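For reference, the structure is listed below as structure tokens.
The values are calculated or read from the model by the stated rules, or taken from the named source; none is laboratory data. Being a predicted model, the structure only gives us computed values, none of them experimental. Every residue, glycine among them, receives a Cβ derived from its backbone with ideal geometry; neighbour counts consider all protein chains shown. Surface areas here come from the heavy atoms of the whole protein model, side chains and all, with no ligands, DNA or RNA. Shrake-Rupley method; radii C 1.70, N 1.55, O 1.52, S 1.80 Å.
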Amino acid sequence: MLKNSLILILILGFAAIMLSLFLSYTPSEDLKGVSKHYAEYGKEEVGAANLVSAVVVTYRGFDTLGEVTILFLTASVIGFFLKVNHSKDDENTAVKKYSEILGTSAKILIPLMVLLGVYVFINGHLTPGGGFQGGAIIASAFVLMFIALPQRKISHKVLSAVESFSGLSYVLIGVLGIILAAGFLDNQILSLGTFGSVLSAGAIPLIYILIGLKVGTELTGIISNLKELQNEQ
Amino acid sequence: METLKIIGAFIVLAGSIFLFLGSLGMVRMPDLYNRIQAGTKASTLGTILTLSGIIFLSSGWTGKLVILILFVLITNPVSSHILARAAHSVKLKLTDKTVTDKLTEDEELINEKQ
Amino acid sequence: MEKIGIEQISLAFGFIILMLGLWGILSRKNIIKIVLSFTLFDTGLNIIIVAIGYLKNKTAPILDSAELQTDTASKIVDPLPQALVLTSIVIGLGVTSLLLVYALKLYKEKKSLFINDYKDLKW
Amino acid sequence: MIYIIIAIVLGIVMIVMSIIAIHHKNITLAILSAGGVSLVASILYLLLAAPDVALTEASIGSGLTTIIFFYVLNKIKKHKHVEE
């Protein structure tokens with residue numbers, strides 16, 4: 001009872017702070033400071049139609065690198081926690097009777113979903129979307145595969161190879177930015193191209209493809225680790 | 001031009017009528033299997049009719065809309081099939097008026113064989 | 001009370017969901033429920049950040065039409081909070097899955113999800 | 001004006017769903033409603049002129065998170081079954 005009332009007092013205190021924040025909030029009319037710079041010069045400096053992509057990949061590229069690192073660490077910690085002994089043969093993990101219709105349609109749908117993911121991250125600098133969303137869509141395609149076609153296995157070696165390759169190339173492109181252009185992860189190592197076409201905005205499409213591959217393989221790895229846990233007794 | 005627009009508008013109207021009937025079926029039907037039946041059948045046809053009506057209204061979107069219709073045709077029946085199957089496998093009750101239950105008969109047949 | 005916009009409403013709902021998530025984290029006894037409340041907390045926080053970046057009568061920061069490309073700064077909403085929230089959502093997924101796997105590990109050790117059973121550090 | 005009404009309705013749906021997620025005894029329903037909160041929040045992001053965030057929230061927040069919750073829950077239930 002004492003505990004509950006303490007929690008209640010804490011929540012009420014927080015609510016009072018929130019309420020005062022809410023009441024003192026006045027919506028601003030115009031962009032200020034660094035956002036204004038992004039909006040005014042983003043087109044000339046970066047050449048990406050989607051300004052959010054420009055901020056994520058170039059202006060705040062370090063944040064994204066850190067984020068991808070955090071995701072990588074999470075995936076590896078999960079893999080470490082859920083160490084599955086692969087020595088057990090797959091014979092005793094009887095494949096559950098699955099629906100024929102779902103299996104057949106999944107075979108049609110999975111390539112289309114992967115294609116959609118690739119489309120989303122290749123066009124990340126023009127339309128809403130980008131590496132993270134595309135990677136998540138690819139990961140959900142693999143989830144469909146795990147559910148619908150349980151007898152198919154996915155090779156962890158290929159996953160980790162793709163992931164390491166994309167992570168390494170991401171950092172290498174960043175270092176190339178120091179050598180060829182103004183600084184780390186500068187996108188002007190390639191020419192900016194015509195504004196609004198697919199091959200524009202310098203290195204942004206390249207970086208987003210790498211991020212997409214990395215995020216997709218990492219999320220697939222997490223889910224595949226959890227899935228292999230299901231079969232283990 | 002005008003006639004095309006009128007035809008398109010009528011097709012969209014027909015589609016929305018089917019969608020409405022589908023949502024009515026979700027309320028009126030007695031158990032989950034009938035609801036899935038009503039919802040999916042009517043809403044698949046309704047969505048396809050609505051999308052193909054939009055083809056008449058603005059012809060520039062034809063390619064995208066055809067792809068959308070194909071996606072609806074692939075995913076909608078499969079997802080409802082999986083829903084019904086999952087409901088059957090957790091032994092959700094059928095309504096009292098049910099005459100035949102082929103999936104249970106089939107499973108019993110398989111069990112007898114083993 | 002003059003001219004309540006969509007940003008104030010979203011801000012208010014974001015605060016409410018954040019408080020609900022905090023209440024869930026503090027008061028629930030099941031570990032899975034605690035992780036679930038954590039995701040609610042995350043969602044509320046993200047809504048607040050996006051709502052702060054919203055400006056009235058302006059469009060999304062995607063310059064896909066020719067009219068948006070001149071005098072951009074007066075026509076779009078703030079792109080910076082959106083980019084930060086993008087990062088936050090992905091990290092949220094990583095943290096949530098880590099918490100869940102840790103909960104699974106705890107369950108394997110003690111065969112219980114009840115938070116009061118874990119008294120190893122109590123004295 | 002219409003956007004304000006839509007936002008209020010979405011917010012009320014979100015609050016109801018999060019209360020279900022916190023307080024309901026059935027944990028499957030709780031996980032599904034937490035996914036629903038994310039899904040509704042992604043519509044709210046779309047109203048707040050943030051399509052990028054909406055896409056991310058819909059695919060990651062409400063898709064993959066729910067799936068991971070269900071995998072872990074399934075594993076715990078299986079374990080319980082073996083124990084008994």
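Side notes on the structure shown:
- Taking the inverse of the mean reciprocal distance over all distinct Cα pairs, the Kirkwood hydrodynamic radius of the range A:97-221 comes to 15.7 Å.
- Convex hull of Cα atoms in chain A, direction-averaged projection (nm²): 19.7 nm²
- Helix-only CD estimate at 222 nm, as mean residue ellipticity for chain B, using -39500 (n - 2.57) per DSSP H run (n ≥ 4): -28500 deg cm²/dmol
- Think of it as helices only: each DSSP H run of n ≥ 4 in chain C is worth -39500 (n - 2.57), and spread over all residues that comes to -22500 deg cm²/dmol at 222 nm.
- √(5λ) per eigenvalue of the Cα gyration tensor, the range A:14-57, largest first, Å: 32, 12, 7
- For chain A, hydrophobic long helices are taken as DSSP H runs at least 27 Å long by C-alpha position along their axis with mean Kyte-Doolittle hydropathy of -1.0 or more; these are A:2-23, A:61-81, A:100-122, A:156-180, A:204-231.
- One equal scatterer on each Cα of the range B:47-112, no solvent, Debye formula: the resulting log10 I(q)/I(0) at q = 0.25, 0.26 Å⁻¹ is -1.06, -1.10.
- Residue among A:PHE80, A:PHE14, A:PHE132 with the largest mean-square fluctuation in a Gaussian network model of chain A, springs linking Cα atoms under 10 Å: A:PHE14
- Alpha carbon centroid spacing (whole Å) that separates the range A:166-187 from the range C:1-54: 37 Å
- Helix-only [θ]222 nm of chain D, DSSP H runs n ≥ 4, -39500 (n - 2.57) each, per residue, nearest 500: -27000 deg cm²/dmol
- Ordering of C:29-40, A:207-218, A:46-57, A:177-188 by packing is A:46-57, A:207-218, C:29-40, A:177-188, highest average first (other Cβ atoms within 10 Å, averaged per residue).
- Summed over both chains, the area buried between A and D is near 1500 Å², taken from the accessible surface of protein heavy atoms with a 1.4 Å probe.
- For the range A:100-116, accessible area lost to neighbouring protein chains reaches 10 Å² or more, against the chain alone with a 1.4 Å probe, at A:ILE101, A:LEU102, A:SER105, A:ILE108, A:LEU109, A:LEU112.
- All Cα-Cα separations within the protein assembly as shown were binned at 10 Å from zero, giving a P(r) of 3, 15, 24, 27, 20, 9, 2, 0, 0, each value a whole percent of the pairs.
- Chains C and D, summed buried accessible surface - 1.4 Å probe, Å², nearest 100: 3900 Å²
- With all projection directions averaged, the alpha carbon convex hull of the range B:2-113 covers 8.9 nm².
- From phi via Karplus (6.51, -1.76, 1.60), per-residue ³J(HN,Hα) for the range B:51-60 in Hz, x at Gly/Pro: 5, 6, x, 5, 4, 5, 6, 9, 6, x
- Globularity ratio of chain C, using Cα Rg and 2.2 N^0.38 Å: 1.47
- Percent carbon-and-sulfur accessible area, the protein assembly as shown, ignoring ligands, DNA and RNA, probe 1.4 Å: 69 percent
- Positive minus negative residues near C:LEU40 (Lys, Arg vs Asp, Glu; Cβ under 15 Å): 0
- P(r) tail fraction, the range C:23-70 - alpha-carbon pairs more than 18 Å apart, %: 55 percent
- Taking a sphere under 14 Å around the Cβ of A:TYR59 and counting the other residues whose Cβ falls inside, with K and R at +1 and D and E at -1, yields a net charge of -3.
- Å² per residue, accessible surface of chain A at 1.4 Å: 50 Å²
- Calculated on C-alpha atoms, the gyration radius of the range D:2-83 divided by its Kirkwood radius gives an Rg/Rh of 1.10.
- Neighbourhood charge, 13 Å Cβ-Cβ cut-off, centred on A:GLY33 and excluding it, Lys, Arg +1 and Asp, Glu -1: -1
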